Amino acid sequence: MIVNTVPVRKGLVVVPASLTPADRSTDKRRLRKHAILNTLRKNAFISRADIAKSTGFNMRTTSMLIEELVRQGLVLEHDAMVTARGRRPTPLSLNVRAASVLGIDIGRNRTIGRLMDLGGELITEVELDTPAIDRPLKFANWARRTAHRTIEQAGPGIPPVCGIGAGIPDLVERDGKNSLFDKQRAAARIRGELMRDFDIEVLVDVDVRLMSLGSLWFGAGKNYRHFAVLKLGAGLGLGVVMDGVLVGGGLEQPMELGHIPMGDPEARCYCGALGCLENVASGIGIERMAREEGMPDPLAPAVAEAARAGNPAALRVFERFADGLGRAIATVVNLYAPEAIILSGRLTRAAELYTHRAREAASRHALANRLRRAELIVSDPNARLGALGSVSIVYDRIFHSHHVDVDEVI
Ligand SMILES: [Zn+2]
């Protein structure tokens, strides 16, 4: 039994509260305080008047809420500059050490634990080999061990932890039977175990959705309002951010781009269906096609190496992969009209082998105007978007309130 001596800060992560009339004024106050924190996150050393202007709240409300935030230790007041024309207004900033956020990214092979402060600065990171996990409880125990290892490594004196985000692989169940693939049960278990240990909010989602949030907060997605992240790993995953908000499906029903029937029509997918795109445009697809070509080592890294050396069979595999990826890109472009398509995941290490051809393939299928507007970006394979995303899902609940029905409370 692990004894919990971890400092925590409760109540900073906004979860939809009860919307009874009695709660509304509290909720309204609370969401307004979070809007102020977000303004300060984006602009350090601004005055109360600037905050009022930026949030649209009146001066009296703004000042009152800021007093509360200062008392709570979330906002810092700095010395005002004195100029020849008199004293300037007091500059304010977000106290980034008022709390920290813990992220856990459980990949098929590697697990990363990451602790960051409120300003997005890394405090510590651990990287572990993911053990063989075949039951939701094992998932939960592994998440718990990673959480404690990360906190332990960070040492004493860390800002109190205010929330935990956890990413799990997006595996599709086979005929709804295999408990390994039961994401909801795994997520519920992880949440239960971590909440019991830490007594703070725990948010769990599938990896590609978290990668999209990681991209929005820390990666190429920062520059766009609408974008899609395609995760090219063992499978083919999709996360979509529209107007700065992660959309679609959620943990229960994430968008399964890999299982739309645009692959080889006769190829049987592990999900049980025929013609899934994942059997072409993914690591699994590369392995299947390399076997068909009779390659001795059909795993993606070996096939990529062979393709770089000019091996014709390996080149054919990557051509088919690129064509499949092009169909995936065209589909996403036609459905969402994103400003950018961000390719991520392990297979981006071989991006030079397929991006050109994938773009060409996409142009055969996509609406020309939309495709022209969509930038194709290959994210840095070492950027750790998944781990960043597991922290970002918590930031998203601290600084944004789109997940709360604001109309009901403001
Ligand atoms: Zn499938």
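The values are calculated or read from the model by the stated rules, or taken from the named source; none is laboratory data. All figures in this text were calculated on a predicted structure; none of them were measured in a lab. Here the Cβ positions follow ideal geometry from the backbone for every residue, glycine too, while neighbour counts run over all protein chains shown.
Worth pointing out:
- Candidates in the range 91-113 are the residues that are surrounded by fewer than 24 Cβ atoms within 10 Å (Cβ to Cβ) and in a loop (DSSP other than H, G, I, E, B); of these, the one that is modelled with the lowest pLDDT is R108.
- Among the residues making up the range 255-267, a single one is surrounded by fewer than 18 Cβ atoms within 10 Å (Cβ to Cβ) and near the ligand (Cβ under 9 Å from one of its atoms): P261.
- Scanning the range 34-67 for residues that are in contact (Cβ under 8 Å) with a residue 40 or more places away in the chain and not small (G, A, S) yields a total of 9.
- Scanning the range 255-275 for residues that are out of contact with any Lys or Arg (no Cβ under 7 Å at 6 or more places or on another chain) and not in a loop (DSSP other than H, G, I, E, B) yields L257, G258, H259, R268.
Conditions (1) touching a helix residue (DSSP H, G or I) at 6+ places or on another chain (Cβ under 7 Å); (2) outside any helix (DSSP H, G or I), marked per residue:
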position: I286; (1), (2): yes, no
position: A307; (1), (2): yes, no
position: G310; (1), (2): no, yes
position: F321; (1), (2): yes, no
position: A328; (1), (2): yes, no
position: L335; (1), (2): no, no
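- Just one residue in the set E278, E252 is assigned to a loop (DSSP other than H, G, I, E, B) and either more than 12 Å from the ligand (Cβ to nearest atom) or not aliphatic (A, V, I, L, M) (or both); that residue is E252.
- Filtered residues of the range 281-291 (kept if more than 14 Å from D323 (Cβ to Cβ), more than 10 Å from the ligand (Cβ to nearest atom) and surrounded by 15 or more Cβ atoms within 10 Å (Cβ to Cβ)): G283, E287, R288, A290
- Inter-residue pairs, beta-carbon under 7 Å, first charged (D, E, K, R) and in the range 317-333, second buried (at least 24 other Cβ atoms within 10 Å of the Cβ) and part of a helix (DSSP H, G or I), 6+ apart: R320/M289; R327/L277
- When the range 337-358 is filtered for residues that are touching a residue at least 60 places away in the same chain (Cβ under 8 Å) and either part of a helix (DSSP H, G or I) or not hydrophobic (A, V, I, L, M, F, W, C) (or both), the ones remaining, listed by number, are P338, E339, S344, G345, R346, L347, T348.
- Residue check for A188: modelled with pLDDT of 90 or more, of a type in the set (A, V, I, L, M) and not in a helix (DSSP H, G or I): no
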